[in-house]
1. Which of the following residues is under 16 Å from Glu46 (Cα atoms), assigned to a loop (DSSP other than H, G, I, E, B) and at pLDDT 95 or above: Leu106, Leu81, Leu86?
2. For region 26-74, which positions are surrounded by fewer than 20 Cβ atoms within 10 Å (Cβ to Cβ), in a loop (DSSP other than H, G, I, E, B) and of a type in the set (A, V, I, L, M)?
3. May I ask you to list the residues in region 109-124 that are assigned to a loop (DSSP other than H, G, I, E, B) and on the phi < 0 side of the Ramachandran plot?
4. Based on this model, can you work out whether Gly8 counts as at positive phi, at pLDDT 95 or above and not aliphatic (A, V, I, L, M)?
5. What number goes with the only condition from (1) of a type in the set (Gly, Ala, Ser); (2) part of a loop (DSSP other than H, G, I, E, B); (3) without any contact (Cβ under 8 Å) to a residue 60 or more places away in the chain that Gly16 does not pass?
6. Within region 87-115, track down each residue that is among the acidic types (Asp, Glu), open to solvent by less than 50 Å² (accessible area, probe 1.4 Å) and in contact with a helix residue (DSSP H, G or I) (Cβ under 7 Å, 6 or more places away or on another chain).
7. Residues to consider are Thr118, Thr55, Thr69; find the one that is modelled with pLDDT under 95 and among the hydroxyl-bearing types (Ser, Thr, Tyr).
Amino acid sequence: QVQLAESGGGSVQAGGSLRLSCVVSGISFRLYAVGWFRQTPGKEREGVAAIDGETGDFTYADSVKGRFTISRDNAKETLYLQMDHLKPEDTAKYFCAVDAAPLDALDSKWWDYWGLGTQVTVRP
């Protein structure tokens, strides 16, 4: 079965950095699109960043462009999100996801497999 496990969340001061990791098993990892999403209470899950599985193209939400970097290590079957210059509004539970071919990279409805999430809190 497909399993995803996030790690690396925590609490940091505004302007600080965190690096999230997601270990994936149960699929041919290198063939799949990978992405990060985040959610706060009472709000819809929003796309943060993704890498297309067919083209390798990167997609970032406007709110994080220039501050966050998504990457993958196919040999380790691991997905990463480097978060720099963090802001209080980045506070959320962050989820990793994989999918064979999501039509809209930042729309959570297209993604089939999800981790349980890791909390990121940015203190003002």
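The values are calculated or read from the model by the stated rules, or taken from the named source; none is laboratory data. Values in this document were obtained by computation on a predicted structure and should not be read as measured data. Here Cβ is always computed from backbone atoms with ideal geometry, including for glycine, and neighbour counts include all displayed protein chains. These area figures cover heavy atoms from the full protein model, side chains too; ligands, DNA and RNA do not enter into them. Shrake-Rupley method; radii C 1.70, N 1.55, O 1.52, S 1.80 Å.
1. Unique residue meeting the criteria: Leu106.
2. Ile27, Ala61
3. Scanning region 109-124 gives Trp111, Asp112, Gly115, Leu116, Pro124.
4. yes
5. With respect to (1) of a type in the set (Gly, Ala, Ser); (2) part of a loop (DSSP other than H, G, I, E, B); (3) without any contact (Cβ under 8 Å) to a residue 60 or more places away in the chain, Gly16 is out only on (3).
6. Asp99
7. Exactly one of Thr118, Thr55, Thr69 is modelled with pLDDT under 95 and among the hydroxyl-bearing types (Ser, Thr, Tyr), namely Thr55.
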